[in-house]
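Working notes, structure below.
The values are calculated or read from the model by the stated rules, or taken from the named source; none is laboratory data. Keep in mind that what you see is a predicted model, and the values were worked out from it rather than measured. Reconstructed Cβ throughout: ideal geometry from the backbone, glycine too, with neighbour counts over all protein chains shown. Accessible surface is based on the protein model in full, side chains and every heavy atom, while ligands, DNA and RNA are left aside. Shrake-Rupley method; radii C 1.70, N 1.55, O 1.52, S 1.80 Å.
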Amino acid sequence: MNLSFEPLTAVLVIPAVTAAVLALLPSYWVAARLNVLATFVTLIAAVLLLFDRPPPGGYLFVDDLNNAFIVLTTFVAFTTSVFSASYIAHELEIGRLTPNHLRFYHAMYQTLMFAMNLGLIANNIGLMWVAVELATLTTVLMVGIYRTHEALEAAWKYFILGSVGIALALFGTILVYMAARPVIGEGADAMVWTMLIKNASSFSPELLNVAFVFLLLGYGTKVGLAPLHAWLPDAHAEGPTPISAVLSGLLLNVALYALLRFKMLLAVNPAALASGPLMVTMGLVSVVFAAFMLYRRRDIKRMFAYSSIEHMGIIVFAFGMGGPIANFAGLLHMTMHSLTKSAIFFAVGHIAQAKGTQKIADMGGLTETNPVLGWGLVLGVVAIAGLPPLGIFMSEFLLVSSTFARQPLLGILLVAGLLIGFGALFLRLNSIAFGEPRGASAEAKASYVPMFTHLALVLAAGVYLPPQMVTWFQNVAKLLG
Amino acid sequence: MSTFPLDVAHLLAGGMVLVSFMLLYQLNVFALHAVVLSASVAWQAYVQNAPHLYVPAAIALVLKGIIIPVALHRVVIRLGIHRGIETVVGIGPTLLLGVGLTALSMVVMLKAAETADPLAREDLAFALSILLLGLLMMVTRRNAVSQIVGFMSIENGLILAATAARGMPLVVEISVAFSVLVAFIVIGVFLFRIRERFDSVELQALDEFRGERR
């Protein structure tokens, strides 16, 4: 098969084949390299999709929206695999993981990539659901990989809540099919997204409304929106750090993408309920709730997990507001958050290894003991808190200013949430990065390249966004309505 | 058109709701839940003249009606879990809540799906109440086995909904395949590891090992 001609199949086939190979490969050293290579080739295939876009088929399709998601996903997957290679070498050294675990881990990593890519390019809402479920199951297994009390509890909680969410989403999907059947007719066509969007204006609005409520609750659980977020901090804190990075940076986005597809369906139907206010409410609740929760965290990974809830809240809020500027801001924020948050987790992973703990109380003066990691973390937190000139400042500024122009009251709440979260992050950062060195401090055998690549990109996007990217995002924003 | 097919479908789907209620106060009827599901799906296959639906019916009967209940039973014995149901909310209030949820799903679905054909509409309403009862069970029960059973009854409800939606492609087979997978993962991985580490499958015991006590 020639890759340059079939990028659409390549983004699925490469991870699937690699997963099978990695499951059989005994040497972890080779496996880690193969993992990096496979994610890199997948990234190239995803970028090629920008130029060579096949017409929509019955099961797979590519448009501006999912192309943005898939390039981001494959890119972060690639850099995370580089980070993962150095991270697991250390875990193996201290005996937290055995080579057998690692074989399983690598196979699952590629299976997760396969599931996420499939979810993003699926043209069939049933297939999309299956992909999200597969992604959930693989991450459940990876979260529990350390087999400690905490890891098992986290995996169990994630499994139960994730499955319930996914069950609700399936019910919503069935209802969408029921709404589509009288218009499109029985059979596979009534689940094909491109057919649905063409005919959505004549669907029964009542069925669509009920369906959307289920889909919002179902996929919203996977996004980690506030009342449904309980699994997220545990899963992030107890799994291996590369998985935390992938969960925060990518899997939440995939669930969000599924939600956006259904939001677009409702937007086409004039009689259906407006999905915006529901999403705005859930987004805002997540932002404010997570901002307060940030204060009492004692575990560093748990803290950044709450920060992910906050940022997913901001993104859902932005897409809920809708309109060209808010959608643009949401899209930009999503990209920037993925890059920044995974960079932070790269830093945190090595920091936890150097310090031998995840407790914030046992860390201190990182900029003195491990200057590169310490300053990397400082830069990451400055970025995630939304200080200029970094990329997140830009997207938050766009969102806040457009919100004030349309709904000043919501704008005040949003800004309050952002500021509260900001305070918490810097309070903790101060004790982690500066002051008297505390706790153990081993040398970290770290790979700094992925972390600083992400941060450099975030900085570059904050200073100058290439016009091609702006028009691309504007097109996507228009698509989202 | 005779209303006979409709009546039988109602009877079977209504039977599933009834068994869902029974599940709220005792776990042993889980196999019965699957058997009624199987009959209901088989009836849909016959009425809709869709032979491929016999496959999920057979899977529900063999796997969920026989294999998983037997496996769960053995797990319960091996782990020495006491058989009583440990509840967060008392059984009486739970049943009342269940009645409320069933009424709610009838009101919502019958109104929302007014345009759909009656067979699909009322099966969807039943499916929604089974789903909500399953959720209720997961919320009000403490031990892991009853949560698994609650989750599987949710899956049964979903399969009922998927078969009622006439001509729904792909998803029936896939959701069945996934329920197999889910069952394996739950029983194989979690229970045995939890046993290995905790000597208990009670979630309260798990709660004590939280990373952060609140």
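A few points about this structure:
- Search result, residues across the stretch A:42-87 that are assigned to a helix (DSSP H, G or I) and of a type in the set (Phe, Trp, Tyr): A:69, A:75, A:78, A:83, A:87
- Annotation: of all residues in the stretch B:107-146 being more than 10 Å from every other protein chain (Cβ to nearest Cβ) and open to solvent by 50 Å² or more (accessible area, probe 1.4 Å), the one that is nearest to residue B:165 (Cα to Cα) is B:118.
- Residues of the stretch B:110-137 classified as aliphatic (A, V, I, L, M) and at pLDDT 85 or above, total: 11
- Looking across the stretch B:1-56, the residues that are of a type in the set (Val, Ile, Thr) and at pLDDT below 85 come down to B:3, B:29, B:55.
- On the stretch given as the stretch A:129-176, residues that are more than 19 Å from residue A:218 (Cα to Cα), among the hydroxyl-bearing types (Ser, Thr, Tyr) and within 10 Å of chain B (Cβ to nearest Cβ) total 1.
- Within the stretch A:280-313, being among the β-branched types (Val, Ile, Thr), crowded, with 21+ Cβ neighbours inside 10 Å and within 30 Å of residue A:364 (Cα to Cα) holds for A:287, A:300, A:309.
- Residues of the stretch A:365-399 satisfying the condition of being open to solvent by 70 Å² or more (accessible area, probe 1.4 Å) and among the charged types (D, E, K, R): A:368
- So residue A:402, is it open to solvent by less than 50 Å² (accessible area, probe 1.4 Å), touching a residue at least 12 places away in the same chain (Cβ under 8 Å), more than 30 Å from residue A:88 (Cβ to Cβ) and under 21 Å from the mean Cα position of the chain (by Cα): no
- Selected residue (criterion: least open to solvent (accessible area, probe 1.4 Å)) from residues of the stretch A:177-201 that are without any contact (Cβ under 8 Å) to a residue 40 or more places away in the chain and more than 9 Å from chain B (Cβ to nearest Cβ): A:180
- Scanning the stretch A:97-128 for residues that are among the aliphatic types (A, V, I, L, M), within 14 Å of another protein chain (Cβ to nearest Cβ) and not in a helix (DSSP H, G or I) turns up just one, A:122.
- Look at (1) more than 14 Å from chain B (Cβ to nearest Cβ); (2) buried (at least 23 other Cβ atoms within 10 Å of the Cβ); (3) β-branched (Val, Ile, Thr) and you find that residue A:94 fails only one, number (2).
- So residue A:465, is it part of a loop (DSSP other than H, G, I, E, B) and within 16 Å of residue A:383 (Cβ to Cβ): yes
- Residue list for the stretch A:418-460, restricted to those being open to solvent by less than 60 Å² (accessible area, probe 1.4 Å) and basic (Lys, Arg): A:428
- Test: residue in the stretch A:365-376 that is outside any helix (DSSP H, G or I) and in contact (Cβ under 8 Å) with a residue 40 or more places away in the chain: yes
- Selection status of residue A:90, part of a helix (DSSP H, G or I) and either closer than 20 Å to residue A:137 by Cα or of a type in the set (D, E, K, R) (or both): no
- Answer residue from the stretch A:214-224, given it is touching a residue at least 60 places away in the same chain (Cβ under 8 Å) and in a helix (DSSP H, G or I) and is farthest from the other protein chains (Cβ to nearest Cβ) among those: A:223
- Contacts under 7 angstrom Cβ, first residue in the stretch A:79-100 being among the small types (Gly, Ala, Ser), partner open to solvent by 20 Å² or more (accessible area, probe 1.4 Å) and part of a loop (DSSP other than H, G, I, E, B), 6 or more apart: A:86/A:445; A:86/A:446; A:86/A:447
- Qualifying residue in the stretch A:257-280 (condition: on the phi < 0 side of the Ramachandran plot, in contact with a His (Cβ under 9 Å, 6 or more places away or on another chain) and within 14 Å of chain B (Cβ to nearest Cβ)): no
- Residue A:58 within 14 Å of chain B (Cβ to nearest Cβ) and either open to solvent by 40 Å² or more (accessible area, probe 1.4 Å) or in contact with a Gly (Cβ under 7 Å, 6 or more places away or on another chain) (or both): yes
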